[in-house]
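Reviewing the structure listed below.
The values are calculated or read from the model by the stated rules, or taken from the named source; none is laboratory data. In this text, all values refer to a predicted model and were calculated from it rather than measured experimentally. Positions of Cβ are backbone-derived with ideal geometry, glycine not excepted, and every protein chain shown enters the neighbour counts. SASA here: full protein model, heavy atoms, side chains in, ligands and nucleic acids out. Shrake-Rupley method; radii C 1.70, N 1.55, O 1.52, S 1.80 Å.
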Amino acid sequence: MKKHSAFTLAETLITLGIIGVIAAITLPVLTNNINSIIYKNQLKSAYSIIQNGFDRMTEAQGEKITPRLYGGQNDFYPVYKKYFHKIVDCGYNNPDQNLCMSRADTHGSEDGGHNDLVYKSFNGNVIDTDNFDDGQFILPNGMLIMIQSYGTVFISVDINGKKKGPNRLGQDVFTFQVTNSGKLVPMGAVGTTYSNANNFCSKTSTSSVNGIGCTYKALTEKDFFKNLPK
């Protein structure tokens, strides 16, 4: 009779152990790669959506949209939101803090700055929300749009909404700036207010708005989302 070879229990356990070790090593890398693709695609989609709204506003108003014309504290938001459909309007003064970013004077930090305790900087520190609180609204896809219009015009977007993390500037919260020439450009690009990456898109910066200048890098650098700070 022919003898049939088979794995012993010890050999089977060793094999399963090796598979487990390999899985433990590769699974986090695979998860990180998948998340990086999701975040980048969401950011590109957000850019397209807010650019489309900006273009429609420009066409309807019959003039270039610039900080000189719409840089008053409550000038840009009430006009811009008209070019989006079925939004949840967070308003200007008292937004729903479960869905929207707290307005700057809602939470005062010890040093007199302003913050929403849910949102953090690029590397996990408390942020100053003063650049995000001149009107907010939520799109049907869950993205949260936040406006700053006090001498400047910034349009920021939480690409997956407040209820989903990580709620960090430069990771799932990105900012665009309206230039004096009437263009909408990613923050961090040359000529924008927060173009210094050492201060505003850094794993070590202590700036209260660290991450606000990451948008340009997130759109142009291939592996940006694979190397986010923890």
Just wondering, is there one or more residues in the range 186-198 that are buried (at least 24 other Cβ atoms within 10 Å of the Cβ) and small (Gly, Ala, Ser)? yes
Of everything in the range 185-222, what is touching a residue at least 60 places away in the same chain (Cβ under 8 Å) and of a type in the set (D, E, K, R)? Give them in sequence order. LYS203
Quick one: in the range 46-80, which of the residues that are farther than 15 Å from VAL178 by Cα and free of Cβ contacts under 8 Å to residues at least 60 places away in the same chain is least open to solvent (accessible area, probe 1.4 Å)? PRO78
When you check GLY170 against the structure, is it crowded, with 17+ Cβ neighbours inside 10 Å and modelled with pLDDT of 95 or more, yes or no? yes
Residue ID - modelled with the highest pLDDT, chosen from residues in the range 102-157 that are open to solvent by 30 Å² or more (accessible area, probe 1.4 Å) and in a strand (DSSP E or B): LYS120
Among the residues of the range 82-101, the number that are open to solvent by 50 Å² or more (accessible area, probe 1.4 Å) and not β-branched (Val, Ile, Thr) is 10
Quick check on the range 158-167: of everything there that is part of a loop (DSSP other than H, G, I, E, B) and in contact with a Leu (Cβ under 7 Å, 6 or more places away or on another chain), which residue is surrounded by the most Cβ atoms within 10 Å (Cβ to Cβ)? LYS162
